[in-house]
Amino acid sequence: MNVIEEAARYALLGAAVCFAVGLHLMKSPATARRGNLLSAWAMAGAVAATLTVIVARGTVTGTGWIVLATGAALGAFTGLRLARRVRMTAVPQLVSLFNAVGGGAAVLLAIGHLLDGDAGVRAALPGGLDIVIGAVTFSGSLIASGKLQGIVPSRPLVFKGARAVTLLCAGSAVAGVLWLSAAPADPAPLLLALGAGLAFGVAVVLPIGGADMPVVISLLNACTGIAVAMAGFVLDEQTLVIAGALVGASGAILTKLMADAMNRSIMSIILGGFGTGDEPVLAGPAGPVRSVTAEDVAIQLAYASRVIVVPGYGLAAARGQQELAQLTRLLEERGVAVDFAIHPVAGRMPGHMNVLLAEVDVPYPRMKELEEANAVLQQADVALVVGANDVTNPAARRPGNALSGMPILDVDAARQIVVVKRSMGHGYAGMDNELFADPKTGMLFADARTALAAIAAAVRTFSGPKR
Amino acid sequence: MNTPMLTAVTVFALALLIGFAVISKVPATLHTPLMSATNAVHGIVLIGAMLVASSADDALGYAIAFAAVAFGAANVVGGYAVSDRMLHMFRAPTRGEEEEAKR
């Protein structure tokens, strides 16, 4: 190893350390942006170091340079454009898309390296795993992204014999990896592993419903990390191993958190075919419910001293975040304290709702996590539930139903409750929400955006003394 | 199992532990930017793609290298850019709001 290569290795190790420190800085919103920038600079350093190495090696052909430059320029341009333009509601599909390209790149470099022939037996097993895991991530993430974007139907797509196909794909993938370890430079096992992995990704994600996406994205994120770590084994690049492991750990933690918050095992989500997601099934009311008008709600809110808003995905679906922010500002001007209680699965990926609220200028200390929110909900004069359903259903505290054991927001502890909802439709668990029949609850049947705008307009008309 | 492989597996295991330790401290509020930032971190695959591109010398090799480098670059640039955009939105309350909240 010459001096340049050795220096580059140290630079890459430094970059890996910065990635870990950057993630550590995400422990608080105050330092998170700095952490991300540190990580980005470290990445730039790693790329520069690698560039120096390949220049020094002098093995890159003229065509090779053109390929490198145009590939990098095209990728960077597309990535930047997507990142700049994406609406915050569409971030989950973008993250999913980046999972796909990351996994895809890991697969491609393993294929390129193995086909080169000088990889040796040592690279064969991690190479095979890289190809399979990366291929699953690539196709699975594309399907997930398509479902979130609405290109692929978000309801679970189940067809006869789907399980058998999935099992067949998994079996072929394992066979491909084993065969590849025996014959590293042979294209046949390589193609088998690749094809089986791609098919498995499609077969696994298609039957999963839209509302399970937070788990799916987190899991695919973890898989991408592992695929990249495997690519590190193949190329003997420790930085890829470290970075991949960090991402894998992060994805694993988020997957577990999301599955717990939904009260479902990761396995049952992967096996899929449950949970239709956004489309409410129209059903009759559970019991007598009290219907209220926007003006009633405005009075309740305007004369409260503490309001806690419980936003759900219905708010984002109706694009009512701006209206919610306006209402919040009006109430705060009147001296009402407004906080937001956010359930972990309120959005389409972990923490999604927080980003949507941050976008409309809600300061982050007002966003309360589940436990924090439950501690203050009993002091709330009014809990305003907008577009959330299952995560507020007190039935979860009793055994023997679909929601039993799911961590919920204790909205029923508030003195008064207002639920903004389009209809009495069921949530994703298909159950009546007992909260709606609570005598303290007033139901405002309307689209979230229209309702919030109407409430805000009514609050504006009060000239009563500010408190 | 030979030594370089063993070293790599050791590094992998330790890095996983660091990952678990660091990530478990990230508050739920930041989980989306966290995921998009880790997304960018796995864009490190770009340097692997560059190394593979550096030894490519036939049409298939060039095609694979081109796609891998493009994917990797999109991953890195897009991942960091969108994370930064989101983190920029997370703001602390201004002084006035702080006092308001205390009353």
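The values are calculated or read from the model by the stated rules, or taken from the named source; none is laboratory data. Treat the numbers as computed from the prediction; the structure is a model and nothing was measured. Counting neighbours? That spans all protein chains shown, and the Cβs are built from the backbone with ideal geometry, glycine included.
Looking at A:Leu142, A:Leu115, A:Leu148, A:Leu125, just one residue is touching a Lys or Arg at 6+ places or on another chain (Cβ under 8 Å), at pLDDT 80 or above, crowded, with 17+ Cβ neighbours inside 10 Å and within 14 Å of chain B (Cβ to nearest Cβ), and that residue is A:Leu148.
Checked against (1) aliphatic (A, V, I, L, M); (2) surrounded by 18 or more Cβ atoms within 10 Å (Cβ to Cβ); (3) modelled with pLDDT of 95 or more, A:Met88 passes all but condition (3).
Among the residues of the range A:123-156, which ones are of a type in the set (D, E, K, R) and out of contact with any Gly (no Cβ under 8 Å at 6 or more places or on another chain)? Across the range A:123-156, the qualifying residue is only A:Asp130. Looking only at residues in the range B:1-23 that are within 7 Å of another protein chain (Cβ to nearest Cβ) and aliphatic (A, V, I, L, M), the one that is surrounded by the most Cβ atoms within 10 Å (Cβ to Cβ) is B:Ala15.
Could we say that B:Ala73 is crowded, with 24+ Cβ neighbours inside 10 Å, at the interface with chain A (Cβ under 7 Å from one of its Cβ atoms) and more than 25 Å from A:Leu23 (Cα to Cα) here? Answer is no for this residue.
Taking into account only those residues within the range A:344-372 that are in contact with a strand residue (DSSP E or B) (Cβ under 6 Å, 6 or more places away or on another chain) and within 8 Å of chain B (Cβ to nearest Cβ), which is surrounded by the fewest Cβ atoms within 10 Å (Cβ to Cβ)? Among those that are in contact with a strand residue (DSSP E or B) (Cβ under 6 Å, 6 or more places away or on another chain) and within 8 Å of chain B (Cβ to nearest Cβ), it is A:Arg366. Reported count of residues in the range A:345-358, each being in contact (Cβ under 8 Å) with a residue 60 or more places away in the chain and either in contact with a Ser or Thr (Cβ under 9 Å, 6 or more places away or on another chain) or polar (S, T, N, Q) (or both), is 7. The residue pairs whose first member lies in the range A:46-57 and is without any contact (Cβ under 8 Å) to a residue 40 or more places away in the chain, whose second member is outside any helix (DSSP H, G or I), and whose beta carbons are closer than 8 Å, counting only pairs six or more residues apart or on different chains, are A:Ile54/A:Val60. Take the conditions modelled with pLDDT of 90 or more, surrounded by fewer than 23 Cβ atoms within 10 Å (Cβ to Cβ) and in a helix (DSSP H, G or I) and apply them to A:Ile66. Does it pass? The answer is yes for A:Ile66. Test B:Val26 against the criterion of being at the interface with chain A (Cβ under 7 Å from one of its Cβ atoms), surrounded by 20 or more Cβ atoms within 10 Å (Cβ to Cβ), part of a loop (DSSP other than H, G, I, E, B) and modelled with pLDDT of 90 or more, and give yes or no. Taking the combined requirement at face value, the residue satisfies it. Pairs are defined by a Cβ separation below 9 Å, a sequence spacing of at least 6 or placement on different chains, a first member in the range B:50-64 that is more than 7 Å from chain A (Cβ to nearest Cβ) and more than 13 Å from A:Arg57 (Cα to Cα), and a second member that is assigned to a loop (DSSP other than H, G, I, E, B) and at pLDDT below 90; the pairs so defined are B:Ala63/B:Ala56.
For every residue, the table says whether it meets (1) within 24 Å of the chain's Cα centre (by Cα); (2) modelled with pLDDT under 95; (3) not acidic (Asp, Glu).
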{"position": "A:Leu167", "(1), (2), (3)": "no, yes, yes"}
{"position": "A:Gly171", "(1), (2), (3)": "no, yes, yes"}
{"position": "A:Gly176", "(1), (2), (3)": "no, yes, yes"}
{"position": "A:Ala183", "(1), (2), (3)": "no, yes, yes"}
{"position": "A:Asp186", "(1), (2), (3)": "no, yes, no"}
{"position": "A:Phe200", "(1), (2), (3)": "yes, yes, yes"}
{"position": "A:Val215", "(1), (2), (3)": "yes, yes, yes"}
{"position": "A:Glu237", "(1), (2), (3)": "no, yes, no"}
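Screening the candidates A:Ala8, A:Ala15 for the property of being surrounded by 15 or more Cβ atoms within 10 Å (Cβ to Cβ), touching a Ser or Thr at 6+ places or on another chain (Cβ under 9 Å), under 30 Å from B:Asp57 (Cβ atoms) and modelled with pLDDT of 95 or more yields one hit, A:Ala15.
Between A:Ala124, A:Ala164, A:Ala196, A:Ala173, the distinction of being touching a Leu at 6+ places or on another chain (Cβ under 6 Å) and in a helix (DSSP H, G or I) belongs to A:Ala124 only. Of everything in the range A:134-170 that is of a type in the set (Val, Ile, Thr) and free of Cβ contacts under 8 Å to residues at least 60 places away in the same chain, the residue that is farthest from A:Gly104 (Cα to Cα) is A:Val165.
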